[in-house]
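Notes for the one structure printed next.
The values are calculated or read from the model by the stated rules, or taken from the named source; none is laboratory data. Treat the numbers as computed from the prediction; the structure is a model and nothing was measured. FYI the Cβ positions are ideal-geometry reconstructions off the backbone, even for glycines, and counts take in every protein chain you see.
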Amino acid sequence: MNQPSADYLHPRVRSSSHPDPGRCAAVLSLIGNTPTAALHFEPEGVTLYAKCEFLNPSGSIKDRFAGAVITDAERQGLLRPDSIILECTSGNTGIALSMIGAAKGYRVTILMSAEASQERRRLIRQLGAELILFKSEGRYQTGINLSREMAAKDGRYFLPRQFENPLNAEDHEHSTGQEILRQVPGPIAAVVAGYGTGGTLAGVGRAVKQRYPKAKIFAMEPAEAALLCGEMPCCHRIEGVADGFIPELLRSAPIDGEVKVTSAEAVAMARRLSREFGLLVGTSSGANVTAALKCARELGSAGKIVTLLCDRAERYFSTSLFENDESNSAG
Ligand SMILES: Cc1ncc(COP(=O)(O)O)c(C=O)c1O
């Protein structure tokens, strides 16, 4: 019997697409309908409602957009058997699109900043996608431009365009937003979340405002890169949010105010969520919860405050979230 080739045993990337829309039914059915947990914080004396997006199948909120955009593209006939899904991402969208590509049999190429964590890179490769790293030097637009140039030269590329695609916000309005309205006993006083593409804030914000017109929508911003507050972007350690520019989708978000959170506060809260609540979540989740607690202090007990836990802690082993702090070395 012929031995299988080494490439067959250890395939690095899918070299051709074999789309099979039926094949991915299992993975698609696992996306969304995440639970919302009521978390009581002491000594603050505050209960927050946290949507557990880290429970999506690839581990982040981005599974929603990845599933929605590929299903929609198939419906519109925009994907062919030789199509290659191409996206510039800070990691989570890349992992989510790679998962959908693997399940549906499409080739996927991900453009990612060379600063993104090792874990994100390895997960993308593990899912059989091709990874191209670019030097962002704080300018995410470099990667977006590169994806457009590649697509202009090769008609096989399909660009989900997460930063400007209205489907991103629409999906959050009709899925995430409606789930929150079903899961959180009203009235909702505020929604607090960071922005990467702005899709979550725009979509969830619209859904919640429609039901509760008095609800406030707050954008969490890294204190080191508070662009909406009119400050210059600088380096921060809250991966997945505030990529150094105000994305198109965020302009349609019904934002009432901003809450600044330092990277140190975000890391400390992500650790607290793990140690006090058993919730293994990433740095942006820590930032969202910190911002939500700051809002609770301002708003008092007027109504429920909702935030999102966007991704899993395992994505951050090589980042400051897992650096030895005093309590780590003591244990
Ligand atoms: C970890 C993390 N948190 C938050 C967000 C923000 O989500 P959105 O792109 O909907 O603004 C992202 C987006 O990539 C993310 O990766």
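With the checklist (1) more than 23 Å from residue 280 (Cα to Cα); (2) part of a loop (DSSP other than H, G, I, E, B) in hand, flag the one item residue 34 doesn't pass.
That leaves (1) as the condition not met.
For the range 172-183, enumerate the residues that are free of Cβ contacts under 8 Å to residues at least 60 places away in the same chain and either buried (at least 22 other Cβ atoms within 10 Å of the Cβ) or assigned to a strand (DSSP E or B) (or both).
Hit for the range 172-183 is 177, nothing else.
Looking for something of a type in the set (A, V, I, L, M, F, W, C), part of a helix (DSSP H, G or I) and free of Cβ contacts under 8 Å to residues at least 24 places away in the same chain - is there at least one such residue anywhere in the range 148-171?
Within the range 148-171 (the criterion being of a type in the set (A, V, I, L, M, F, W, C), part of a helix (DSSP H, G or I) and free of Cβ contacts under 8 Å to residues at least 24 places away in the same chain), the answer is yes, since at least one residue qualifies.
When residue 166 is evaluated against the numbered criteria (1) modelled with pLDDT of 95 or more; (2) closer than 28 Å to residue 35 by Cα; (3) buried (at least 22 other Cβ atoms within 10 Å of the Cβ), which criterion, by number, is the only one it fails?
Answer for residue 166: the failing condition is (3).
Does residue 208 qualify as being over 28 Å from residue 110 (Cα atoms), within 16 Å of the ligand (Cβ to nearest atom) and assigned to a helix (DSSP H, G or I)?
Yes: the conditions hold for residue 208.
Quick one: would you say residue 58 is within 16 Å of the ligand (Cβ to nearest atom) and either small (Gly, Ala, Ser) or surrounded by fewer than 18 Cβ atoms within 10 Å (Cβ to Cβ) (or both)?
Against the criterion (within 16 Å of the ligand (Cβ to nearest atom) and either small (Gly, Ala, Ser) or surrounded by fewer than 18 Cβ atoms within 10 Å (Cβ to Cβ) (or both)), residue 58 qualifies.
Answer yes if at least one residue in the range 300-310 is under 18 Å from residue 163 (Cα atoms) and modelled with pLDDT of 90 or more, and no otherwise.
Yes, some residue in the range 300-310 is under 18 Å from residue 163 (Cα atoms) and modelled with pLDDT of 90 or more.
Please verify whether residue 240 is under 23 Å from residue 136 (Cα atoms), modelled with pLDDT of 95 or more and under 20 Å from the mean Cα position of the chain (by Cα), treating the condition exactly as stated.
In short, no.
Keeping to the range 226-251, report how many residues are more than 13 Å from the ligand (Cβ to nearest atom) and within 16 Å of residue 265 (Cα to Cα).
2
With the range 217-331 as the region, which helices (runs of 4 or more DSSP H) entirely inside it contain at least 3 residues that are buried (at least 22 other Cβ atoms within 10 Å of the Cβ)?
The helices (runs of 4 or more DSSP H) meeting that bar are 263-277, 283-299.
Could you tell me which numbered condition residue 111 fails, if it satisfies all but one of (1) touching a helix residue (DSSP H, G or I) at 6+ places or on another chain (Cβ under 8 Å); (2) among the hydrophobic types (A, V, I, L, M, F, W, C); (3) assigned to a loop (DSSP other than H, G, I, E, B)?
Only one criterion is unmet by residue 111, namely (3).
Can you work out which of the residues in the range 84-106 that are in a loop (DSSP other than H, G, I, E, B) and buried (at least 21 other Cβ atoms within 10 Å of the Cβ) is farthest from the ligand (Cβ to nearest atom)?
Only one residue fits best here, namely 106.
Looking only at the range 184-199, how many residues end up being surrounded by 15 or more Cβ atoms within 10 Å (Cβ to Cβ) and more than 17 Å from the chain's Cα centre (by Cα)?
Total satisfying the criteria: 4.
Which members of the range 26-55 meet the condition of being surrounded by fewer than 15 Cβ atoms within 10 Å (Cβ to Cβ), farther than 21 Å from residue 93 by Cα and polar (S, T, N, Q)?
47 - this is the single residue of the range 26-55 that is surrounded by fewer than 15 Cβ atoms within 10 Å (Cβ to Cβ), farther than 21 Å from residue 93 by Cα and polar (S, T, N, Q).
Determine if the range 184-202 includes at least one residue that is free of Cβ contacts under 8 Å to residues at least 40 places away in the same chain and in a helix (DSSP H, G or I).
No: the range 184-202 contains no residue that is free of Cβ contacts under 8 Å to residues at least 40 places away in the same chain and in a helix (DSSP H, G or I).
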